[in-house]
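The values are calculated or read from the model by the stated rules, or taken from the named source; none is laboratory data. None of the values given here were measured: they were computed from a predicted structure. Every residue, glycine among them, receives a Cβ derived from its backbone with ideal geometry; neighbour counts consider all protein chains shown.
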């Protein structure tokens with residue numbers, strides 16, 4: 001039986017050319033450790049500032065730890081889209097710089113493989129990350145952005161979050177009053193607690209050694225967690241009863257009065273790429289057409305530039321012989337940050353109508369052309385082209401007649 005690819009010679013040759021060889025597997029194995037380390041460091045750096053702001057805000061509101069973890073999870077897709085290109089650039093730069101200093105690149109070139117062929121696995125990895133970025137920008141990030149805003153809204157409006165003070169009475173509801181002899185941790189940690197709760201014709205007088213006020217796990221109520229206490233229940237129909245407890249949780253107030261969060265789609269960044277296309281095809285939308293077009297082209301342009309990052313990192317990582325080049329990584333950082341700011345500015349101008357969406361693609365094409373030109377220059381392609389042109393000119397200027 002004839003293999004499937006053998007029936008199509010061109011497809012068969014393409015498949016064979018893309019099959020990773022020994023050098024490709026070696027380069028990928030060398031890249032994975034620094035890539036994962038760089039990705040972790042960049043993600044930590046990007047998340048650090050937002051984490052501190054969220055932690056301080058949720059702590060002051062006595063929110064549950066699971067609320068903080070949920071907000072953190074919704075932030076990961078956004079910062080992952082920024083960290084992937086940076087981690088790819090740093091990891092490729094470190095591997096190529098080490099190979100250049102150890103003269104491994106010269107050995108590979110002497111075997112007949114060009115610099116572009118050598119970094120082919122990095123280009124394939126860049127293409128894969130470009131597809132992954134398309135999924136992140138176009139499908140995952142819009143939902144994650146809305147989920148973050150929704151979770152943050154409910155965490156900020158999850159009912160009554162009191163600021164207790166020592167020996168002062170608080171009434172979270174008309175039927176409940178409580179106080180504590182000592183209050184710490186911005187009103188959340190209580191000592192020697194007394195609660196009077198009237199419910200269904202019964203009066204519950206509760207005392208406890210310790211108490212902790214927090215937002216409930218479902219985010220819809222404020223609860224107090226009591227430890228080492230006693231409950232005295234009295235009513236007109238029954239004799240008083242006393243109950244001892246080691247641990248008890250009671251609701252102080254519910255958040256039923258909180259207005260539900262809005263529906264997803266009022267911001268173009270909350271729409272997936274197919275939803276952006278549907279909004280552009282119809283006129284029934286509250287978002288202006290320039291904002292929709294700018295967001296769609298911005299996502300596509302950022303995805304298409306990711307495969308060119310290995311070209312930039314390779315070109316700036318190759319050091320001259322017997323010279324210590326220290327400007328490669330700072331130059332790569334400046335180019336990457338400058339491109340990000342440039343395309344962000346073009347995106348904003350296109351959204352506000354100050355420029356066409358072509359400005360986004362102009363910034364992207366400038367970046368892709370710069371990466372390609374730098375690699376061709378460092379690989380010696382321009383010198384080879386100049387030599388070929390000079391030999392051709394000499395051949396045309398040589399005398400062709402008989403002496």
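Any idea which residue in the stretch 351-365 is farthest from residue 289 (Cα to Cα), counting only those that are assigned to a helix (DSSP H, G or I) and without any contact (Cβ under 8 Å) to a residue 40 or more places away in the chain?
365
Conditions: (1) over 24 Å from the mean Cα position of the chain (by Cα); (2) at pLDDT 75 or above. Residue 60 meets all but one. Number of the miss?
With respect to (1) over 24 Å from the mean Cα position of the chain (by Cα); (2) at pLDDT 75 or above, residue 60 is out only on (2).
Failed condition for residue 73, given (1) out of contact with any helix residue (DSSP H, G or I) (no Cβ under 6 Å at 6 or more places or on another chain); (2) modelled with pLDDT of 80 or more; (3) surrounded by 14 or more Cβ atoms within 10 Å (Cβ to Cβ), with all others met?
It fails just one condition, (3).
Can you name the residue in the stretch 153-172 that is modelled with pLDDT under 75 and surrounded by fewer than 14 Cβ atoms within 10 Å (Cβ to Cβ) and is also nearest to the chain's Cα centre (by Cα) among such residues?
Out of the qualifying residues, it is 156.
Matching residues to (1) closer than 23 Å to residue 360 by Cα; (2) surrounded by 15 or more Cβ atoms within 10 Å (Cβ to Cβ); (3) in contact with a strand residue (DSSP E or B) (Cβ under 9 Å, 6 or more places away or on another chain); (4) at pLDDT 90 or above:
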site: 228; (1), (2), (3), (4): no, no, yes, yes
site: 246; (1), (2), (3), (4): no, no, yes, yes
site: 249; (1), (2), (3), (4): no, no, yes, no
site: 254; (1), (2), (3), (4): no, yes, yes, no
site: 271; (1), (2), (3), (4): yes, yes, no, yes
site: 292; (1), (2), (3), (4): yes, yes, no, yes
site: 296; (1), (2), (3), (4): yes, yes, no, yes
site: 299; (1), (2), (3), (4): yes, yes, no, yes
site: 303; (1), (2), (3), (4): yes, yes, no, yes
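For the subset of the stretch 78-112 comprising residues that are assigned to a helix (DSSP H, G or I) and without any contact (Cβ under 8 Å) to a residue 12 or more places away in the chain, which member is surrounded by the most Cβ atoms within 10 Å (Cβ to Cβ)?
The extreme case among them is 99.
With the stretch 273-350 as the region, which helices (runs of 4 or more DSSP H) entirely inside it contain at least 1 residues that are touching a residue at least 24 places away in the same chain (Cβ under 8 Å) and closer than 28 Å to residue 35 by Cα?
The qualifying helices (runs of 4 or more DSSP H) are 289-305, 309-317.
Condition test on residue 216, is it modelled with pLDDT under 90 and under 20 Å from residue 176 (Cα atoms)?
Answer is yes for this residue.
Sort through 145, 149 and tell me the only one that's over 30 Å from residue 251 (Cβ atoms), assigned by TED's automatic domain parsing to the domain that holds residue 47 and surrounded by fewer than 21 Cβ atoms within 10 Å (Cβ to Cβ).
That would be 145, the only listed residue that is over 30 Å from residue 251 (Cβ atoms), assigned by TED's automatic domain parsing to the domain that holds residue 47 and surrounded by fewer than 21 Cβ atoms within 10 Å (Cβ to Cβ).
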